[in-house]
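The values are calculated or read from the model by the stated rules, or taken from the named source; none is laboratory data. Every value quoted in this text rests on a predicted model; they were computed, and no experiment measured them. Please note: Cβ atoms are built from the backbone with ideal geometry, for glycine as well, and neighbour counts cover all protein chains shown.
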Amino acid sequence: MAKISFLADLEVEPCTGCKQCDIVCPSGAITMVARKAVIEDPKCIGCGRCVDRCPEDIMWMVERAEPMEKTVRPDEVPVDEVTRLLDACGLEAKMSVCVCTLTSAQEVAGAVVKGARTLEEVAEMTGIRSGCGIYCVAPALRLLKAAGADMTPPLGHRWYDVTVALWDLPPEVRERYPDAFLAEDIAAFDPDGRFTPLEETHQ
Ligand code: SF4
Ligand code: SF4
């Protein structure tokens, strides 16, 4: 579960409508209304990226009166659907997929089962991406893709439908870089060949 203690705020009048804050917002909390930025408070996960990005320096963070909790509880979604999705992605239910909030794979899968179809929606429901925004993205994208989500990011946003894992690297790459011990690492991490790329299993 993520505890969100901060909230973005801004001085509206000098806003130029450049959209930089909207583009970097990981939870879709900012929209442009009449060429001015508007923050939806319940969607803000307090990451501070908009403050860093605003070229007019008219944004800041405030402390929430009460920390906001972001999670999808197991009793909110059918457990068998969550388990199926986790299995499809090779994720363990209790493992933390976000090192900043310690959000579990089960929570992210729950958000997808509950209807999230973009990374921004997952972030808004679970609070992932509120810290570094690095390690949580790959498992969240895997879960979204496994659920059949359209992997096109919202207009102006950037994330990629490629979350390469060690075992996705083709044999020729492993052979080209023997000093990287890729084959040895795969053997150690995936001894049963559970995540062996499909094309290899058909050879
Ligand atoms: S989630 Fe981050 S980028 Fe979005 S409004 Fe809140 S502080 Fe700004
Ligand atoms: S980055 Fe600053 S100036 Fe640009 S739209 Fe957002 S609040 Fe307005």
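Would you confirm whether any residue within region 43-61 is within 12 Å of ligand 2 (Cβ to nearest atom) and closer than 21 Å to Met125 by Cα? So far as region 43-61 goes, yes, one or more of its residues are within 12 Å of ligand 2 (Cβ to nearest atom) and closer than 21 Å to Met125 by Cα. The test for being part of a loop (DSSP other than H, G, I, E, B) and either surrounded by fewer than 14 Cβ atoms within 10 Å (Cβ to Cβ) or within 15 Å of ligand 2 (Cβ to nearest atom) (or both) does not hold for Cys21. Of all residues assigned to region 101-112, none qualifies as being in a strand (DSSP E or B) and within 16 Å of ligand 2 (Cβ to nearest atom).
In a residue-by-residue description of region 63-82, the property of being surrounded by 15 or more Cβ atoms within 10 Å (Cβ to Cβ), touching a Cys at 6+ places or on another chain (Cβ under 7 Å) and farther than 17 Å from Ala147 by Cβ applies to no position.
Of all the numbered requirements in (1) under 14 Å from Ser27 (Cα atoms); (2) out of contact with any Gly (no Cβ under 7 Å at 6 or more places or on another chain); (3) at pLDDT 95 or above; (4) not hydrophobic (A, V, I, L, M, F, W, C), Ser96 misses one, and that requirement is (1).
Residues in region 124-165 that are among the charged types (D, E, K, R) and either closer than 19 Å to Lys114 by Cα or buried (at least 18 other Cβ atoms within 10 Å of the Cβ) (or both): Glu124, Arg129, Arg142, Lys145, Asp150.
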